[in-house]
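Computed from the coordinates by the stated procedures, all read-outs in this text should not be read as laboratory data. This is a predicted model, so every value here is computed, not measured. As a convention, Cβ positions derive from the backbone with ideal geometry for all residues, glycine included, and neighbour counts pool all protein chains shown.
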Amino acid sequence: RAILLPWIKSAGPKDELDSWNRTIKYSFATFLQELANVATLDALQNILGEHTKAINWLNEVYTFIIEYNEVYAFRDYAIIPNQSGIFQKLTPDTLHLEDKDANIPDEFLDILETLGDNWRTKLIHRAVKLPGQNIEKKGLPLVSNRINELIAKDEFSRRADKLKVIVD
């Protein structure tokens, strides 16, 4: 309260807020939309600079969202980076956790991408922390099954690079 009165005197009455030509009143929704507009982990890192790791900063934002029961934000705003670093909304159709007990080696993700099914766009960035959230997990057995499905298709047998995909 001691800070509020001088701020009101400095900012002026509510009807003068527009005269500042800046947003004085900043809502949580505005913050979330601006974060979503950043769009990628790399772009956020450029904004934050070299002294703050973007992923650590995001994890602090996520902690705040969870602690204050604002978890709708994960569903409504594209603020969670996938493993390609692109921000996405957290819905059952868009993002999944990588199962810590059945980690997916990068080599398997590379094979899937070569086969036309890029799971890095479907998996939450490995350094993201979302404690207490009920998020579907995907692990190595599921990836292995998906690779087997894709190589069993006729299209795969007609590929000129089929041996390279399997051997590499």
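At q = 0.11, 0.18 Å⁻¹, what is the log10 ratio I(q)/I(0) for region 12-168, with the Debye formula run over Cα points and no solvent?
The computed values of log10 I(q)/I(0) come out as -0.56, -1.09.
Along the Cα→Cβ direction, 7 angstrom out, place labels at Ser84 and Thr52. What is the inter-label distance in nm?
2.7 nm
So, counting K/R as plus one and D/E as minus one, what does the shell of residues with Cβ under 13 Å around Ile86 add up to? The partial results should precede the final answer.
Numbers: positive: Lys89, Arg120, Lys122; negative: Asp42.
Residues near Ile86 contribute +2 overall.
Rounded, prolate or oblate: which fits region 80-158, taking a ≥ b ≥ c as square roots of the Cα gyration tensor eigenvalues, rounded meaning a/c under 1.5, else prolate when a/b beats b/c?
It comes out prolate by the Cα gyration axes.
For Glu98, enumerate residues with amide H under 5 Å from its amide H, sequence gap 5+ or separate chain, H modeled in the peptide plane.
Ile124, Lys138
Given H placed 1.01 Å from N in the peptide plane, which residues other than close sequence neighbours of Thr40 have an amide H under 5 Å from its amide H?
Close amide H contacts, sequence-distant or interchain: Phe87.
Apply the Karplus parameterisation 6.51 cos²θ - 1.76 cosθ + 1.60, with θ equal to phi minus 60°, to every residue of region 121-134 and state each ³J(HN,Hα) to the nearest whole Hz, in sequence, with x for glycine and proline.
7, 9, 10, 5, 3, 5, 8, 6, 10, 10, x, x, 8, 8
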